[in-house]
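The values are calculated or read from the model by the stated rules, or taken from the named source; none is laboratory data. Please read all numbers here as calculations on a predicted model, not as lab measurements. No Cβ is skipped: glycine too gets one built from the backbone with ideal geometry, and neighbour counts run over all protein chains shown. Heads up: the accessible areas ignore ligands, DNA and RNA and are worked out on the full protein's heavy atoms, side chains in. Shrake-Rupley method; radii C 1.70, N 1.55, O 1.52, S 1.80 Å.
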Amino acid sequence: MIKLLKGNYALVEGAIKAGIDAYFGYPITPQNEITEYMSIRMREEGKLFFQTESELASINMTFGAAVIGKMAMTSSSSPGISLMQEGISYLIGCELPCVIVNVQRGGPGLGNISGSQGDYFQAVKGGGHGDCKMICLLPASVQEMYEMAIKAFYLAFKYRNPVFILTDGIIGQMLEKVDLLSLEDVLKNQFKNLSVDDYKKMFDASSWALTGCEGRDSRFIRSLYMNEGELTKKNTLLLEKYKKMEQELDWEEELISDAEVVLVAYGISSRINKDACILARKSGLKVGCFRLKTAFPFPSNRLKEIARTRKILVVEMSMGQMLEDVKLAVDGVNTVDFYGISGGDLPEVNVILEKIKNMLSR
């Protein structure tokens, strides 16, 4: 079924298609449509919707639903996610699955309600106190908002860990044609060989959820480890899980084979890069595009391989957050230039083209 939808609405439809049981959210622009639309769709589906009194309540109610094995989700925008950081760490420490969505706005502080990419550090380097990691998905279209919501729930239960969807106010608010594909078709797009039956089996939490111990041994879920060596052992086990998450690496590349300069971005910036790449090619400039679809795990090895024979230009709606990971990946084998813009403004294609020309002339 093809519809014209905002990105925020498409994400809700994806969560519904995934089989979400419970949503908890508090209003903040530019993600308000998620909470608003959830209040309608969850009621229609006979599922739980709860508008909370704060973001702190949202993340902790999500914790409560996750601990009994339910498919739970919350969403917010930048400063609201900041308030959730403690709860996110508890979820990771307790190895509980859920989906958390950030529709980024400009910052720091209250900033503005325009789209931004200033929360990359928060999503990839933060995620709560302690050695915390979450798979971080990066949609770049309304269609991907729909499909990545479905993917996020599966990965959350596969690794018993929160999964983060990092998008922005532009993709959240934009209207685009979206194909509300069947679950089977989405799984074909997002996974190689995953059947609908296997997808649904992943959400069986009967082996670990706290649902009452009548007729079975008692169990408990915790993130507090006070005995000597306990927490070290726990964090070592979590580290092994984070390493396994590397198999979920995902990216997209175009026109790389003969490129002399490769534009690297994610989300809305990657779409601007595509326009710049098309115009550059028409001018005879050999330019390619690399788009991240996951921020963690990060495609370090592929970027280093690309950079051995090509210069890199990172385009980002921040003052240089993802840039740091790109530089670490490239490890000095070639030039990494940067075009960043902050405060809710968009990168300009003509500026990207000028930077490409300057790089090629050096």
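When the test is whether a residue is open to solvent by less than 10 Å² (accessible area, probe 1.4 Å), in a strand (DSSP E or B) and touching a Pro at 6+ places or on another chain (Cβ under 8 Å), Ile88 does not pass it.
Applying a threshold of 8 Å to beta carbon distances and a minimum spacing of six or more residues, or different chains, the list of pairs starting in the range 294-315 at a residue that is in the same structural domain as Ile341 (by TED's automatic domain parsing) and ending at one that is part of a helix (DSSP H, G or I) and aromatic (Phe, Trp, Tyr) reads Ala295/Tyr120.
Each row is one residue, and each column tells you yes or no for (1) more than 20 Å from Leu137 (Cβ to Cβ); (2) in contact with a helix residue (DSSP H, G or I) (Cβ under 6 Å, 6 or more places away or on another chain); (3) in a helix (DSSP H, G or I).
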| residue | (1), (2), (3) |
| --- | --- |
| Ser270 | no, no, yes |
| Arg281 | yes, no, yes |
| Leu303 | no, yes, yes |
| Ile352 | yes, yes, yes |
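Is it the case that the range 326-334 has a residue that's over 21 Å from the mean Cα position of the chain (by Cα) and of a type in the set (Gly, Ala, Ser)? Among the residues of the range 326-334, at least one is over 21 Å from the mean Cα position of the chain (by Cα) and of a type in the set (Gly, Ala, Ser), which makes the answer yes. Could you tell me whether any residue of the range 1-8 is within 22 Å of Ala140 (Cα to Cα), of a type in the set (A, V, I, L, M) and at pLDDT below 95? Yes, the conditions are met somewhere in the range 1-8. When Ser257, Ser218 are checked against the criterion of being without any contact (Cβ under 8 Å) to a residue 40 or more places away in the chain, loosely packed, with under 15 Cβ neighbours inside 10 Å, polar (S, T, N, Q) and within 30 Å of Glu316 (Cβ to Cβ), a single residue qualifies: Ser257.
Scanning the range 313-348 for residues that are open to solvent by 40 Å² or more (accessible area, probe 1.4 Å) and under 18 Å from Arg271 (Cα atoms) gives Phe338, Ser342, Asp345, Leu346, Glu348. Can you work out which of the residues in the range 120-141 that are in a loop (DSSP other than H, G, I, E, B) and open to solvent by less than 20 Å² (accessible area, probe 1.4 Å) is farthest from Lys158 (Cα to Cα)? The extreme case among them is Ala140.
Matching residues to (1) under 25 Å from Arg160 (Cα atoms); (2) open to solvent by 40 Å² or more (accessible area, probe 1.4 Å); (3) in contact (Cβ under 8 Å) with a residue 12 or more places away in the chain; (4) not acidic (Asp, Glu):
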position	(1), (2), (3), (4)
Ala18	yes, no, yes, yes
Pro27	no, yes, yes, yes
Met38	yes, no, yes, yes
Arg41	no, no, yes, yes
Thr52	yes, no, yes, yes
Glu55	yes, no, yes, no
Asn60	yes, yes, yes, yes
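Using the structure shown, decide if Lys177 is charged (D, E, K, R), in a helix (DSSP H, G or I) and in the same structural domain as Asp131 (by TED's automatic domain parsing). Against the criterion (charged (D, E, K, R), in a helix (DSSP H, G or I) and in the same structural domain as Asp131 (by TED's automatic domain parsing)), Lys177 does not qualify. Would you pick out the residues in the range 226-254 that are in contact with a Phe, Trp or Tyr (Cβ under 7 Å, 6 or more places away or on another chain) and either part of a loop (DSSP other than H, G, I, E, B) or open to solvent by less than 50 Å² (accessible area, probe 1.4 Å) (or both)? Lys234, Lys241, Met245, listed by residue number.
With respect to the stated conditions, Ile272 fails to be under 23 Å from Glu176 (Cα atoms) and open to solvent by 70 Å² or more (accessible area, probe 1.4 Å). On the given criteria, is Cys277 closer than 23 Å to Gln117 by Cα, without any contact (Cβ under 8 Å) to a residue 40 or more places away in the chain, open to solvent by less than 20 Å² (accessible area, probe 1.4 Å) and outside any strand (DSSP E or B)? Here the answer is yes, as Cys277 does meet what is asked.
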